[in-house]
Amino acid sequence: MSGPNSDYDPVEVTPLQAEQVAGVRDEALAAIAGARDLAALKQARLDHAGDRSPLALANREIGALPPQARKEAGQRVGQARAAVNHALAERTAVLEAEAEERLLVEESVDVTLPSGRRPRGARHPLTLMSEYIADLFVAMGWEVAEGPVLEAEWLNFDALNLGPDHPARTMQDTFWTEPADDHLVLRTHTSPVQARTMLERTPPIYVICPGRVFRTDPFDATHSPMFHQVEGLVVDEGITMAHLKGSLDHFAEQMFGEGITTRFRPSYFPFTEPSAEVDLVCFVCRGVAGVVEHCRTCKGEGWIEWGGCGVVNPRVLAACGIDSERYRGFAFGMGIDRSFMFRSGAEDLRALFEGDVRFASAFGTDW
Amino acid sequence: MRAPVSWIREYAELPPDLPTEELARKLTMLGLKLEALERPGDHIRGPLVVGRVLTVEAEPQKNGKTINWCTVDVGDANGTGDPQGVVCGAHNFAAGDLVVVVLPGGVLPGNFEISARQTYGHVSAGMICSSRELGIGDDHTGIIVLEPGAGEPGDDARPVLGLDEEVIEFEINPDRAYALSLRGVAREAAMGFGSAYADPCRRDVPAANADGYPVRVEDPAGCPVFVARTVTGLDPTAESPEWLRTRVRLAGMRPISLAVDVTNYVMLETGRPIHGYDGDRLQGTIVVRRATPGERLTTLDGADRELSTEDLVVCDDSGAIGLGGVMGGETTEMSAATTTVVIEAAHWDPVSMFRSGKRHRLTSEAGRRNERGVDPTICEVAADRVAELLTTYGGGTVSPGVTVVGTPPEPEPIPLPIGLSSQVAGLPIADEVVVANLRAIGAEVTGDADLAVTPPPWRPDLTDPYDLVEEVVRIVGYDQVPSVVPVPPVGRGLTRQQRLRRRIGRTLAGLGCVEVVSFPFVGDETFEALGLPDDDVIRHAVRLSNPLSSEKPLYATTLLPGVLDAAARNLGRGATGVALFETGTVAFPTDRGPAPVYGVEWRPSAAELEKLFDAIPAQPLFLAAVLAGERDPDGWWGEGRDADWSDALEIVRGLARELGVDVEIRQASRMPWHPSRCGQVWLGDVEIGHAGELHPRVCRTYGLPRGTAVLEIDLDALMARSPEIPPAPVVSHQPLAKEDVSLVVDDSVPASAVEAALRAGAGDLLESIRLFDVFTGPQVGEGKKSLAFALRFRAHDRTLTEAETAAARDAAVSSAARTLGARQR
Ligand SMILES: [Zn+2]
């Protein structure tokens, strides 16, 4: 290759001739187009666009031309170099895209591989059920009231119109503490929370009380010494059995689905008068003729026992210092465990209390 | 209460075509809940007929037995009218007797199909039945011999035996003791269908006179009425008629003898328990009084009982002969030789009955009625009815003497505003309906707007206006009550505590733990298993007087046993690892008892309430968790790891962080934790629990792998420190300056102390500090460890210069050097 030469006749300088420039350019474009990969393209860049490439050399020659020739030659070489650089850029983009595409193919994984680096946790379905119920009532403007499990005998029984010689006390198999004259029990129902609420608040009272309760039942598929109840209590002016029915109908539909309403049957609870048992429309057969007869869930009755309820006995209001002339109340109570079993189809109560993770895990962390 | 439908219909003129299901449904809706509807004949199909034995030929067999070859007239039931030849093994009958024959094609209970078969050299075309074969009794010593005139040969035997009967079994609530009688059930049935009702207790009885058996009642409060009648000259071999035995049996009682069956029958009919004494064994005046101290009595069930001075006893000259109203005594019991019966029909104080029954653990049909309250006005009627039935079926005569001591208490009228029922029900009820319904239950009603309602004597449960409201509304029908959702005032939603508890549960589940619910019962064995020292504070627990298991008589002071048992159960069922938590209240005795028991007439005073609440054991909400075995499983992603002590602390810290609370962990030593791997959790100056590795000995006891991590903390204490809404941080956009330092300290220096010293020295520019490596080895030196911390500095208003950062770092290091002797590596 020749260096700058002052003696040089510019007209004689072949690299700057049009054909020559076009030829070098075409050669470069061909080499670029022919580069199969980024390495070959790199070589083509060195050969055809590098410092020592023919076009670079030709560019240097321009300065040696007479001024009148410089413009034309400069234009010619400039255009050729631009074409080459453009081709290089395009080819680079194409080859890089191809290379990345190949890489991505190589990076293939088996997305069906299992997950489970950290097995997920769960909350107990009875906790979830209790919260679900609480939320139903909180949405209506009620509040959630609570109380202790070890409870004063007076609050568990006497204040609820269950005097010491009340036959109904034998209906409840109570755990007593020792010594007996401590007058403490494991609460047999959540009703002492109602008594506490009435002692601590003034009407209007709209509360729901979920909680653990205890009876001296042996542990089997349908009985447990510990289970969960939810009770509701309303004390306000002008309260009627119709309000009780309305609250329970709403509760039942929210729990078990549209059309699952309640039926009241006269019953007896010392703390309510009038009292009623609450039955649910059987959510399996819905009491439909032709189906109900074969229904195992309700044993053909079309109704399922759900809980008890009634108008708060004015004697209970009096024991809690509420003016029973001005205020009236209603109360109801249901088993949470039983309601959960209805909803989930669980058949053995024991599964709730043995702590097998396979059971609770089926219910997740929230409903 | 089991009520045969035909018996109900005897007093209630129900529509003849009324299906029993409909009757049961109506009574259920009136408050007498259907338990079961039984049709005893349902298990017998095909021809079951009355037969008259024509001939009986005894044929001794080679096996020593003697069979009878009989011909029996079964009318046209066999299609031919010819006598039916039947082989029978029983011997309690003779030619001419009426018997029950099942013909070929019939099916007896147990799907026992009857066909003509060759046996003992005859073709036996059917079977003569015993009551056991028909499923109506236990007697299989002989076949059923019907009383003469019970039916004609060829008649269907079902009605004769009560096999076509339907029995409704009701669940009777304690307030409806009157429904523990056919009298009461029939009254409700008649009321339900507007049918005529004939009260079986409407009966003319002879007036009291001085010639009856002498009776003295020394405790009229305990026994307001005592009626005695005497029947003499009874045929001791006389048996109860078939219809009476059938009814008693259908009502769920066992027929025994005429005298016993009759007293039971009258109790079922009227609701009034009756006691019969063998008149020949009574000695002198009957006296009713409370038992004397140390007095004893052997009751009918053979139990020798020491009586309480609160027990009501019936005595004669020989001493106590019965526990009044609860159970009779052995010495005057009626027997197969009894010819004179003294009938006692007495009204007893229900509270005394309840207490005696409870005290002596005696439950009986009589006691059940007496403690709930029986109509006190029917003692004379019931005694007279017993005397009538005894003499009708047992011969003998009723003595003219009639003893009546005392008078029945009079029910008090109850004031009832006529509109109250309507107001309580939320349902318009016409005034006439209120009055009519009250009269329908037998009450006397006077007045207009303000009614005075005198309940009938069989309704001692009716004492308050609201009791009457229930009666009015149940007859109108609970199904008439409309459904109206009440509108409460604005609510405040869940309390902060309630929301925090949910958050705690979700956080723990998010950390991979599964919630369990255990029974909160523990015992000394539990504390031994946990390796607790004898004087450990959590051994001091509330004791139950009637625990389910004598090994666990205490209410829990710790939730650990429950979660440890559950963890072992999961691993035993094949789980490779388990992470469990439980939240629940534990109880610590206050020793400030006993809890007072107040009256219920009015609200206790503030001071009284305080005393009451104060006596109740403290019951804080605790959290326990256990992580055993695999914590992170091996997998295609690499190696997993087992749970260790640090997992327990990670959970405590993670929970505290979630609640916005700063906890401090201090090295501690407490069972059941590993003595060198136990962290005590502190909130300021309050200790709230422990976390770390379970003691290896305890792991072995529970069958858990060594390294199992456990924690238990007081959630109430934790929640109390949780800020409602934390203050908002200022997030600096200035660049971060990083400085890592490695410090060598003595092994005994806790990492938390080094971190605290660095933090204290670093000043306000420190944004965060994190321990990222712990290193021991020869380079560090014996008894030393190297702790590497990443310090991150940032200012709010400027880019920190290198000099500023270095100065802060050096200050941090020299703080650690000064306070803990730390040396920078
Ligand atoms: Zn059904």
Subset of region A:260-317, residues in contact (Cβ under 8 Å) with a residue 40 or more places away in the chain, at the interface with another protein chain (Cβ under 9 Å from one of its Cβ atoms) and within 16 Å of the ligand (Cβ to nearest atom), comes to A:T262, A:R263
Pairing a residue in region B:561-574 that is part of a helix (DSSP H, G or I) with any residue that is open to solvent by 10 Å² or more (accessible area, probe 1.4 Å) and of a type in the set (F, W, Y), where Cβ atoms lie under 8 Å and the two sit 6 or more apart in sequence or on different chains, gives B:G562/B:F519; B:L564/B:Y702; B:D565/B:Y702; B:A567/B:Y702; B:A568/B:Y702
Those residues of region A:306-350 which are open to solvent by less than 20 Å² (accessible area, probe 1.4 Å) and of a type in the set (D, E) amount to A:D337
Selection over region B:499-530 where residues are charged (D, E, K, R), more than 20 Å from B:Q619 (Cα to Cα), more than 31 Å from the chain's Cα centre (by Cα) and more than 7 Å from chain A (Cβ to nearest Cβ) yields a count of 2
In region B:567-583, residues that are crowded, with 24+ Cβ neighbours inside 10 Å and either over 32 Å from the mean Cα position of the chain (by Cα) or of a type in the set (D, E, K, R) (or both) total 3
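When region B:93-144 is examined, which residues are found to be polar (S, T, N, Q) and either loosely packed, with under 14 Cβ neighbours inside 10 Å or within 14 Å of B:N78 (Cβ to Cβ) (or both)? Break it down stepwise before answering.
Of all residues in region B:93-144, those polar (S, T, N, Q) come to B:111, B:115, B:118-119, B:124, B:130-131, B:141.
Within region B:93-144, B:N111, B:S115, B:Q118, B:T119, B:S124, B:T141 meet the criteria.
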Over region A:65-87, the set of residues surrounded by fewer than 20 Cβ atoms within 10 Å (Cβ to Cβ) and of a type in the set (A, V, I, L, M) is A:L65, A:A69, A:A82, A:A83
Expected single match for crowded, with 24+ Cβ neighbours inside 10 Å and over 24 Å from B:D464 (Cα atoms) among A:L155, A:L233, A:L186, A:L160 is A:L186
Listed by range, strands (runs of 3 or more DSSP E) wholly within region B:737-825 having at least 3 residues that are within 24 Å of B:V663 (Cβ to Cβ) are B:766-775, B:784-793
### Query
Does at least one position in region B:441-463 carry a residue that is under 35 Å from the mean Cα position of the chain (by Cα) and of a type in the set (G, A, S)?
yes
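Determine which member of the set A:R25, A:R60, A:R52, A:R36 is crowded, with 17+ Cβ neighbours inside 10 Å and at pLDDT 80 or above.
Values: A:R60 fails: crowded, with 17+ Cβ neighbours inside 10 Å; A:R52 fails: crowded, with 17+ Cβ neighbours inside 10 Å; A:R36 fails: crowded, with 17+ Cβ neighbours inside 10 Å.
None of the others qualify; the one that does is A:R25.
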Counted residues in region B:489-520 being modelled with pLDDT of 95 or more and in contact with a Phe, Trp or Tyr (Cβ under 7 Å, 6 or more places away or on another chain) come to 7
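Open to solvent by 40 Å² or more (accessible area, probe 1.4 Å) and closer than 30 Å to B:V522 by Cα: does that describe A:T261?
Values: open to solvent by 40 Å² or more (accessible area, probe 1.4 Å): yes; closer than 30 Å to B:V522 by Cα: no.
Here the answer is no, as A:T261 does not meet what is asked.
If you check B:S550 against the conditions, is it modelled with pLDDT under 95, more than 10 Å from every other protein chain (Cβ to nearest Cβ) and open to solvent by 10 Å² or more (accessible area, probe 1.4 Å)? Spell out how you get there, then give the answer.
Numbers: modelled with pLDDT under 95: yes; more than 10 Å from every other protein chain (Cβ to nearest Cβ): yes; open to solvent by 10 Å² or more (accessible area, probe 1.4 Å): yes.
Answer is yes for this residue.
Among residues belonging to region B:584-611 that are assigned to a strand (DSSP E or B) and not β-branched (V, I, T), point out the one that is surrounded by the most Cβ atoms within 10 Å (Cβ to Cβ). Reasoning before the result, please.
So the first thing to find is which residues in region B:584-611 are assigned to a strand (DSSP E or B), and the list is B:584-585, B:588.
Of the ones still in play, those that are also not β-branched (V, I, T) are B:584, B:588.
Working: B:G584: 19, B:F588: 16.
Of everything passing the filter in region B:584-611, B:G584 is surrounded by the most Cβ atoms within 10 Å (Cβ to Cβ).
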What do you reckon, is A:A134 crowded, with 19+ Cβ neighbours inside 10 Å, modelled with pLDDT under 95 and assigned to a helix (DSSP H, G or I)?
no
Restricted to region A:318-331 and to residues being touching a residue at least 60 places away in the same chain (Cβ under 8 Å) and not small (G, A, S), the residue nearest to the ligand (Cβ to nearest atom) is A:F330
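Which residue, of B:V586, B:V563, is assigned by TED's automatic domain parsing to the domain that holds B:A648, touching a Pro at 6+ places or on another chain (Cβ under 7 Å) and under 27 Å from A:D217 (Cβ atoms)?
Working: B:V563 fails: touching a Pro at 6+ places or on another chain (Cβ under 7 Å).
Just one listed residue meets the conditions, B:V586.
In this structure, does A:T216 turn out to be more than 26 Å from B:S421 (Cβ to Cβ), assigned to a loop (DSSP other than H, G, I, E, B), away from the ligand (no atom under 16 Å from the Cβ) and in the same structural domain as A:M341 (by TED's automatic domain parsing)?
Numbers: more than 26 Å from B:S421 (Cβ to Cβ): yes; assigned to a loop (DSSP other than H, G, I, E, B): yes; away from the ligand (no atom under 16 Å from the Cβ): yes; in the same structural domain as A:M341 (by TED's automatic domain parsing): yes.
Answer is yes for this residue.
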Reported set for region A:318-354 where residues are within 11 Å of chain B (Cβ to nearest Cβ) and hydroxyl-bearing (S, T, Y) is A:S324
Those residues of region B:1-54 which are surrounded by 21 or more Cβ atoms within 10 Å (Cβ to Cβ), among the hydrophobic types (A, V, I, L, M, F, W, C) and closer than 16 Å to A:G300 by Cβ amount to B:A24
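Hand me the list of strands (runs of 3 or more DSSP E) wholly inside region B:24-143 holding 3 or more residues that are within 14 Å of chain A (Cβ to nearest Cβ).
On the way: elements: B:33-38, B:48-60, B:66-73, B:84-88, B:98-102, B:117-119, B:122-124.
Once the strands (runs of 3 or more DSSP E) in region B:24-143 are filtered for at least 3 residues that are within 14 Å of chain A (Cβ to nearest Cβ), what remains is B:33-38.
Being aliphatic (A, V, I, L, M), under 28 Å from B:G692 (Cβ atoms) and loosely packed, with under 11 Cβ neighbours inside 10 Å, is that true of even one residue in region B:761-779?
Keep residues of region B:761-779 that are aliphatic (A, V, I, L, M), which gives B:762, B:765-766, B:769, B:771, B:774.
Adding the requirement that they be under 28 Å from B:G692 (Cβ atoms) leaves B:769, B:771, B:774.
Within this subset, residues satisfying the condition of being loosely packed, with under 11 Cβ neighbours inside 10 Å are B:774.
Yes: region B:761-779 contains one or more residues that are aliphatic (A, V, I, L, M), under 28 Å from B:G692 (Cβ atoms) and loosely packed, with under 11 Cβ neighbours inside 10 Å.
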Note on region A:220-234: residues more than 14 Å from every other protein chain (Cβ to nearest Cβ) and at pLDDT below 95 are A:A221, A:T222
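The values are calculated or read from the model by the stated rules, or taken from the named source; none is laboratory data. The structure displayed is predicted, hence computed values, not measured ones. When we count neighbours, we look across all protein chains shown, and the Cβ atoms used for this are built from the backbone with ideal geometry, even at glycine. Heavy atoms of the whole protein, side chains included, go into the accessibility calculation; ligands, DNA and RNA do not. Shrake-Rupley method; radii C 1.70, N 1.55, O 1.52, S 1.80 Å.
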